[in-house]
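*Asks:* Take a look at this one; I'll ask things after.
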Amino acid sequence: MAELNIAVRIDSLGLPMPRALEMASRLGVRAVELNARSGIDPSSLSDTGLRSFRKMLNDLNLKVSALRFPTRRGYDHLQDLDRRVEATKKMMLLAYKLGTTVLVNSLGRVPESDEDQRYETLKSVVDDLGRYGARVGAFLAAETGTESGERLNALLDTSEDGFVGVALNPGQLVINQFALEESIKAVASRVQYVVAIDGVLDLSVGRGVAVPLGQGIVDFPMMLGELEEHQYQGAFAVGRAESSAEELRDGVDYLRSL
């Protein structure tokens with residue numbers, strides 16, 4: 001695989017936007033992941049605001065790798081679903097205006113049974129958002145972790161008219177104790193983005209926990225090999241909620257060493 005396209009999650013820095021972008025630039029990356037609920041206020045981004053923000057990025061030789069839009073509930077919950085879907089569409093359009101084709105969010109938990117009403121609800125939402133993405137040029141990337149890769153891919157395959165991609169988060173798959181290699185193989189052809197988080201099982205508490213890159217059990221060389229088979233050229237985003245600047249720097253260095 002060619003040199004990796006490494007990005008930094010801006011919300012992991014805990015700094016005002018200008019300072020966070022400057023730090024990302026100093027880390028030597030050329031892309032940043034933005035969070036529509038933290039650090040960037042979509043409602044303030046008029047056309048003038050967008051031009052000013054894009055200039056700030058250009059001055060630092062940065063691009064937007066993805067826009068993250070964590071909804072308070074998954075799309076499997078009927079309460080306020082229409083409003084949640086419309087908000088997602090607005091963020092897909094904003095992602096396109098920011099120069100990226102990727103909007104990251106979890107779909108919600110995919111039920112095990114195809115007969116579950118929540119499964120039918122998710123199918124409908126996937127169809128709707130998939131078609132909308134094709135129109136606006138930015139696509140929802142469903143983040144892995146709440147179900148196996150096989151189950152997520154089976155749901156996404158039900159859509160014939162649109163496309164919803166995958167944001168591969170291997171750490172979350174480990175944390176929720178899904179078979180990592182099998183899950184990666186199942187979704188590899190749909191991966192539009194990689195959330196580069198590592199994980200390890202904590203037997204003392206019976207669950208997994210996120211850890212700095214290279215300190216968990218995620219086989220990143222295996223993952224890279226699988227993605228290379230599908231000509232993946234997207235970004236690898238470093239950073240988690242509790243990342244320190246040192247951890248981010250080490251994470252960037254770790255990915256560069258692969």
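*Asks:* Where does each of Leu255, Leu81 land when they are ranked from fewest to most other beta-carbon atoms within 10 angstrom? Mind dumping the intermediate values first?
*Replies:* Working: Leu255 21, Leu81 16.
Going from least to most buried by this count: Leu81, Leu255.
*Asks:* What's the ranking of 213-219, 61-67 by average number of surrounding C-beta atoms within 10 Å, highest first? Can you show the working numbers first?
*Replies:* Numbers: 213-219: 18.0, 61-67: 22.0.
So the order, starting with the most tightly packed, is 61-67, 213-219.
*Asks:* Please turn the phi angles of the stretch 190-202 into ³J(HN,Hα) values with the Karplus equation 6.51 cos²θ - 1.76 cosθ + 1.60 (θ = phi - 60°), one per residue in order, whole Hz, x for glycine and proline.
*Replies:* Values, residue by residue: 9, 5, 10, 6, 10, 8, 7, 10, 9, x, 8, 7, 9 Hz.
*Asks:* Give me a comma-separated list of calculated 3J(HN,Hα) values for the stretch 159-176, in order, Karplus coefficients 6.51, -1.76, 1.60 applied at θ = phi - 60°, integers in Hz, x for any Gly or Pro.
*Replies:* With coefficients 6.51, -1.76 and 1.60, one gets 8, 9, 9, x, 9, 10, x, 10, 9, 6, 10, x, x, 5, 5, 5, 4, 8 Hz.
*Asks:* Return the FRET efficiency for the residue pair Val205, Ser244: r is the Cβ-Cβ distance, R0 is 25 Å, and the value is rounded to the nearest 0.05. It would help to have the intermediate numbers written out before the result.
*Replies:* Details: r = 23 Å, r/R0 = 0.92.
Efficiency at R0 = 25 Å is approximately 0.60.
*Asks:* Now for a different question. Give me Glu115, Glu182 sorted ascending by neighbouring Cβ count inside 10 Å, so fewest comes first. If you can, show how the numbers build up before the last one.
*Replies:* On the way: Glu115 8, Glu182 12.
Neighbour counts put them in this order, fewest first: Glu115, Glu182.
*Asks:* Rg(Cα) of the stretch 5-257 divided by 2.2 N^0.38 Å?
*Replies:* Numbers: Rg = 17.5 Å, N = 253, 2.2 N^0.38 = 18.0 Å.
Normalised Rg, Cα atoms only: 0.97.
*Asks:* Counting pairs of alpha carbon atoms under 8 Å apart in space and at least six apart in sequence, what relative contact order in percent does the chain give?
*Replies:* So the answer I get is 18 percent.
*Asks:* Determine the sum of side-chain charges near Ser189: Lys and Arg each +1, Asp and Glu each -1, restricted to other residues whose C-beta is under 12 angstrom from that of Ser189. Provide the component values of the computation, followed by the final result.
*Replies:* Values: positive: Lys185, Arg190; negative: Asp157, Glu226, Glu229.
Residues near Ser189 contribute -1 overall.
*Asks:* Also, I was wondering about something else. So, in nm, how far is label Ala87 from label Arg54 when the simple model puts each one 7 Å beyond its Cα toward the Cβ?
*Replies:* So the label points at Ala87 and Arg54 sit 2.7 nm apart.
*Asks:* Write down the percent of antiparallel bridges among all DSSP beta bridges whose residues are both part of the stretch 5-257, to the nearest 5. Write out the running numbers ahead of the final one.
*Replies:* Values: 6 of 33 bridges.
Taking every DSSP beta bridge within the stretch 5-257, about 20 percent pair in antiparallel fashion.
*Asks:* Taking neighbour counts of Cβ atoms within 10 Å as a proxy for exposure, in what order, fewest first, do Phe139, Phe163, Phe53 appear?
*Replies:* Working: Phe139 24, Phe163 16, Phe53 19.
The order, fewest Cβ neighbours first, is Phe163, Phe53, Phe139.
*Asks:* When N is the residue count of the stretch 149-258, what does its C-alpha Rg come to as a fraction of 2.2 N^0.38 Å? Please list the in-between numbers first.
*Replies:* Working: Rg = 14.3 Å, N = 110, 2.2 N^0.38 = 13.1 Å.
Ratio of Rg to 2.2 N^0.38 Å for the stretch 149-258: 1.09.
*Asks:* If each of Arg37 and Ser113 carries a label point 7 Å out from its Cα toward its Cβ, how far apart are those two points in nm?
*Replies:* 3.0 nm
Computed from the coordinates by the stated procedures, all read-outs in this text should not be read as laboratory data. On a predicted model such as this, the values are computed, not experimentally measured, just so you know. Because the Cβ atoms are built from the backbone with ideal geometry, glycine has one as well, and the counts that use them run over all protein chains shown.
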